[in-house]
Every structure is written in structure tokens, then in C-alpha cells.
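Asks: Starting off with a structure, shown below.
Read-outs: derived from the displayed coordinates by stated rules, not from any lab. All of these numbers come straight from a predicted model, not from anything done at the bench. Don't worry about glycine lacking a Cβ; one is built from the backbone with ideal geometry, like all the others, and counts go over all protein chains shown.
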Amino acid sequence: MNTSIMHLSSLQYLTDFSYIIAIAFFILSLKWLSSPATARRGVLIGEIGAAMAVVTTFFNPDLVRFKWILIALLIGLIIGIPLGMVQMTAVPQRTAMSHAFGALAAAVIGISEYYMRIPHINKFEMTEISLEVIIGALSFTGSLIAAGKLQEWLPQRPIVYKGQNYISFTVLGAAALSALILIFNPVAPYLFPAMVIISLLFGVMLVTPIGGADMPTVIALLNAYVGLTAALLGFVLNSKVLVVAGALDGSSGFILAVIMCKAMNRSFTNVLFGAFGQIQVAAKGEEEEKVVHSASPEEAAAILGASNTVLVVPGYGMAVAQAQHRVRELFDLLTKKGIDVKFGIHPVAGRMPGHMNVLLAEADVPYDKLIEMDDANGEMPQTDVALIIGANDVVNPAAKTDQSSPIYGMPVIEVDKARTVMVIKRSLNPGFAGIDNPLFYLDNTLMLFGDAKSFVGGIVKELSGGGD
Amino acid sequence: MPEGFISNLYVFVLAGFLGFEVIRRVSPLLHTPLMALTNALDAIVVVAAIIIAGRQGSQLSLILGAIAVAAAFSNMIGGFLITDRMLRMFKLSGRKKQ
């Protein structure tokens, strides 16, 4: 057993007590996050807990060399501040990067423990370390790939090839086999580094085939893995503060992943191995002439100005076009005219859980105007205009009606029940998932073709000009 | 089985349930800040990294420990910072209404 960390002196008790207080503060921190009114207090108490834990760690009598710790803390500070100051549009990739850092930290500690303990390492410890290092390593590279896709350094579409899942599972099997051999022979030459490399490779193979539209689930799942890695590291090091923090982080990621999956009516397996949106045999056959009604910014402005209730449904396209500030101007103008404007937020709109809320909050849209899917659907029959900005699958009525649609059964915002539907879209091209959307051809739908930012800008100009 | 395992398992299961109960009450409105905050809390791994890097040991554990300290500490700083920035942006209508 690792006695060096368990060394107890009176100073060590101080550290332990501060860790216990830190854990209590962390739980309070998450509890206060439940509502926007108390959430900032939650951040503060989390910071106090973390700071206390870090400072008292320096009283640990085992510490003999400090120089590199301080240098590393300084480097962490230099990387951490810009990562905390990124634009809100970059939050999904920033989150993926922080998953990568979290996984990296936990994985390298596991690696270091292995080399510290061999050859005196029992089967049980070896099992813990192998599991920790495998999950940590695959979460590290998986998160890097996710960040690359979100930053668009890598293509967002799923990258698939024949027999992909077999090859991926073989690689994962190789990692598991290495771990198994190591458990019985921890000093098997080169096997531990091989296991690490195979796990890193598997992380790449796991996330590469996943498309952009599935990113909310993947980010949440990676979040769960990173938490699990930290908790496993807590088992390896016999450190309860890590067990608790890891369990909290892991359960958060897990809950979010479940919510995202439910919001797409899909399973984890399907998200991870389904390569959604690649092999799309689009609903052919009925290639009849479909009539599309389109409108200009002037016409759209006239209809919006004459309405009483407007529901805006934003999607990833709004983020891509950076249209959120124009959307807020539109919100202000319509609200000033006494029109009731709300935003219906689908759980998987955007690239991570809660993405749209943060973008709109940044643009100064008050959060009481951001409503959840079920509430939006409840209000839909009384809605004059549903304005869809850069969303597609989350408003696709085929999910309710067309059993052959790949998204059949997915809960959607039922905008087709509004009196008039307006869809701002670049063209009729289907979205990432490549699924045709019958909404565009309905009689009460007006297609507003153009870039979201400039089109909303056009409506705003018209509405403010008309008011003078 | 090492002595600490069972008590760690108790702690893990209890913390998991507690986390589940607390976190499922978080409004979907705040799911992005939630993820940023749990990342920052998870970065408490830094305390283990400090000990790995600072205790008597090989050059390798010094290097790996230092990498872990830098990675985890950047998450801690960046995570708290961005969570607070995001939460500051969430405002009620109030003054916006006429």
C-alpha cells in the first residue's frame, strides 16, 4: 500500500481537515448552482474550498522539492487565465480542452504511480492503476479530437470507414488484454507503455467518427469519463477528496449525457458507434416538386411587427453566424412594441449542453425569456410567429410523423403548430445529419434565405426604420 | 484487498448519489456553467499532483507530477474564472421592460 501519502502527523491532520471542509464546500457549490440567483455564491465557495485544499497541501511533510511545483503552478496560471477568458462562442471547444487537461493530469499521475511502485505492486493495485490509466488516456485524446472538431481544425462531419467498429473494439481489446497480463506480471517489459499508447489511440478512434451534431452528448460523456478517472485515481492514491470530487464530476457528466441522449431519443451506444449522419440514404422516392414560400427581410419585419407573440428557436447556425447580438436587437425592438418574445431552447441545440443559453445571456437576453422545450411546446398554439434561426433537426416535424426518418421519436420543438413559421437558413441544403425537413415546405412556413446575422440585421433595420 | 478500498468505495457511492441528487436540480439554463464548474472542482487532482511532484522520488515522477500540476491547476483557474464570467451574464428582465 502506498504509505508515503498516508503518513500521519499533526500537520497531516490539518491537511485532512481542510480537505473535508473543501468537499463540503464543493457540494454546497453545486447546490447553489441550481439557480441563477445563488449560482455566483456557489462559485465563490468552490474557490475557497479549492484554495484551502491547495494551500494546506504544502504542509504535507512528504514534500521535499518545491521548485518544480511552483514553476508548474505558474505555468498552470499562465495557461488557465486565457482559457478562462475565451469568447462565449468558443466555450464548447474550451470545455473539451479542459476535459483533456483533467484527463491528462489524472493519467500521468497513474503512470507515475506505476513506475514508483514496481516491482512491489499487487494484483489489486495493478487493476486499479490499469483501469485509471486506460480511461484517463482515452479521455485525453478523445477530448483533444472533440476540441479539434469544435474548433473546426478537424472536419465536423463523422469520419468513417468500413469495419470501423470492429477495428476500434480490437484496439480496446488490446488495451484490456495488456492490462490483464500486467495484473499477473506487472513487470512485463514494455507492456505498460504499450497499454498507454493503445489507450491513447483508442480515444482518437472513439471520437473521430462522431459528427458535430452529436457533440453535446460526447462532451458530456467525456466529462463523465474524466470524473471517473479522478475518482479511480482517488482509489489508487487512497485519497478521499479525489474520490468525492471525481464522483461529483462524473455524476454530473453522466446526468448531462443521459439528458442529451433522451433529447435525441438515442442510446449511448448509438451515439458512440452509430456514426450518425454519414450513411444517409435520404428519403428518396417522393421527389415531387415541393413548393417553398420565401420572404424578404421587409416582409418578415412586417409580419413580426404585426404579431402579438413570437417564439425564437435558436440553433448552432446562430452561433456559427455570430448572430446572437442582432437577435437581441430584434428582441429589444419587438419587446418595445409590446410583443411577447421568448426563446425556446432545445436541450441539444448547439454543440454542448446549455450552449444557446450562454450565448443569449452574453448578448444580454434576460434569462427569464429563455424557456425549455416542454414549456415552448405548451405555448406553441398561442404563438403567432415561430422564428427559427440556424436550427434544423430540433424543429423537424418528421420526428413526430415520419417513421422512416432517422430522427423519428426525437422530441422536437413543434414550431409547425405556430400560426406562421419563419426559418432563416442559407439554403435548402439539409443540416449536418443530412435529414430532409418537411417543415420547409409547409403552407404556413416562410423561408428566409440568407446569412442569419445579416438577415436578422435586415429585419432589425426595417423595424427600427418603420418606427420612426 | 488494500485496507482503504472498502471505505473509499463507501465514499464513492455516497458522493455519487449525492452528486446525482444535487446536480439533477440544476436548471438546464445553467448546464454550460455546470460543466465548467465541475471541471474546476475536478481539478482538485492538483493536490495529488503536488505530492507526486514534490515527494522524494525519481526524475520521472518529478516530470509527470509537474505536468499534472500544470494541467490541473490551469483547469482550476480557468474553470472558476469562466464559470463566474458566464454566471455574471445571466440577468433577469426587470429593467429592460418598459
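Asks: Just grab the label-to-label distance for A:THR170 and A:MET85, each label 7 Å out from Cα along the Cβ direction, in nm (one decimal).
Replies: Roughly 4.9 nm, to one decimal.
Asks: With only Lys, Arg, Asp and Glu charged, each at its Cβ (+1 for the first two, -1 for the last two), find how big the charge dipole of region A:92-277 is about the Cα centre; round to the nearest 20 debye.
Replies: Values: 9 positive and 7 negative charges, 68 e Å.
Roughly 320 debye, rounded to the nearest 20.
Asks: Determine the sum of side-chain charges near A:VAL236: Lys and Arg each +1, Asp and Glu each -1, restricted to other residues whose C-beta is under 11 angstrom from that of A:VAL236. Please list the in-between numbers first.
Replies: Details: positive: A:ARG117; negative: A:GLU113, A:GLU125, A:GLU128, A:GLU132.
Once all neighbours under 11 Å are counted, the net charge is -3.
Asks: In the protein assembly as shown, with Lys and Arg counted as +1 and Asp and Glu as -1 at Cβ, which of these residues, A:PHE273, A:GLY42, A:ILE371, has the Cα nearest the positive end of the dipole, that is, farthest along it?
Replies: Of the options given, the answer is A:GLY42.
Asks: Go through A:LYS337/A:LYS461; A:LYS337/A:LYS369; A:LYS162/A:LYS262 and tell me which ones have a Cα-Cα distance over 20 Å in this structure.
Replies: On the way: A:LYS337/A:LYS461 15 Å; A:LYS337/A:LYS369 16 Å; A:LYS162/A:LYS262 28 Å.
Checking Cα-Cα distances, A:LYS162/A:LYS262 exceed 20 Å.
Asks: How high is the relative contact order of region B:28-96, in percent, with contacts defined as C-alpha pairs under 8 Å that are six or more residues apart? Don't jump to the answer; show the numbers that get you there.
Replies: Details: 55 pairs, mean separation 28.5, N = 69.
Value for region B:28-96: 41 percent.
Asks: Ok, one more. Below 15 angstrom from the Cβ of B:VAL45, what's the summed charge of the other residues (Lys, Arg +1; Asp, Glu -1)?
Replies: Working: positive: A:LYS240; negative: A:GLU113, A:GLU132, A:ASP249, B:ASP42.
For residues surrounding B:VAL45, the net value is -3.
Asks: While we're on this one: If I fit a long axis through the Cα atoms of helix A:10-32 and take the longest principal axis of the Cα atoms of chain A, what angle between them do I get, 0 to 90°, rounded to 10?
Replies: Tilt of helix A:10-32: around 10 degrees.
Asks: Right, something else. Tell me the angle of helix B:4-23 to the major Cα principal axis of chain B, expressed in degrees between 0 and 90 and rounded to the nearest ten.
Replies: On a 0 to 90 degree scale, this one is about 10.
Asks: Taking θ = phi - 60°, what integer Hz values does the Karplus form 6.51 cos²θ - 1.76 cosθ + 1.60 yield along region A:193-202, in sequence order, with x for Gly and Pro?
Replies: Calculated HN-Hα couplings, in order: x, 4, 4, 4, 5, 4, 5, 4, 4, 4 Hz.
Asks: Further, regarding this structure: About the Cα centre of region A:20-114, what is the dipole size in debye to 20, counting +1 per Lys and Arg Cβ and -1 per Asp and Glu Cβ, all else neutral?
Replies: Its charge dipole is roughly 240 debye.
Asks: Working from Cα positions, state the angle (0 to 90°, nearest 10) between the long axis of helix A:452-467 and the longest principal axis of chain A.
Replies: Rounded to the nearest ten degrees, it is 50.
Asks: Lys/Arg Cβ at +1, Asp/Glu Cβ at -1, dipole of chain B taken about the Cα centre: which of B:ILE67, B:VAL26, B:LEU87 is farthest positive-ward?
Replies: The residue sitting most towards the positive pole is B:LEU87.
Asks: Sequence gap at least 6, Cα distance under 8 Å: using those rules, report the relative contact order of chain A to the nearest whole percent. It would help to have the intermediate numbers written out before the result.
Replies: On the way: 783 pairs, mean separation 62.7, N = 468.
The normalised contact order for chain A reaches 13 percent.
Asks: Pairs of Cα atoms under 8 Å, at least six residues apart: use those to get the relative contact order of region A:92-277, whole percent. Please list the in-between numbers first.
Replies: Details: 293 pairs, mean separation 50.4, N = 186.
That works out to 27 percent.
Asks: Which whole-Hz ³J(HN,Hα) couplings does region A:67-74 yield from phi under the Karplus relation 6.51 cos²θ - 1.76 cosθ + 1.60, θ = phi - 60°, glycine and proline marked x?
Replies: Result, rounded to whole Hz: 3, 6, 4, 5, 4, 5, 5, 5.
Asks: If you don't mind, another one. Using the Cα centre of the protein assembly as shown as the reference point, and only Cβ charges (+1 on K/R, -1 on D/E), how large is the resulting charge dipole? Debye, rounded to the nearest 20.
Replies: Values: 39 positive and 40 negative charges, 213 e Å.
Magnitude of the dipole: close to 1020 debye.
Asks: Could you check what % of the DSSP bridge pairs in the protein assembly as shown are antiparallel, to the nearest 5?
Replies: Working: 1 of 24 bridges.
About 5 percent, rounded to the nearest 5.
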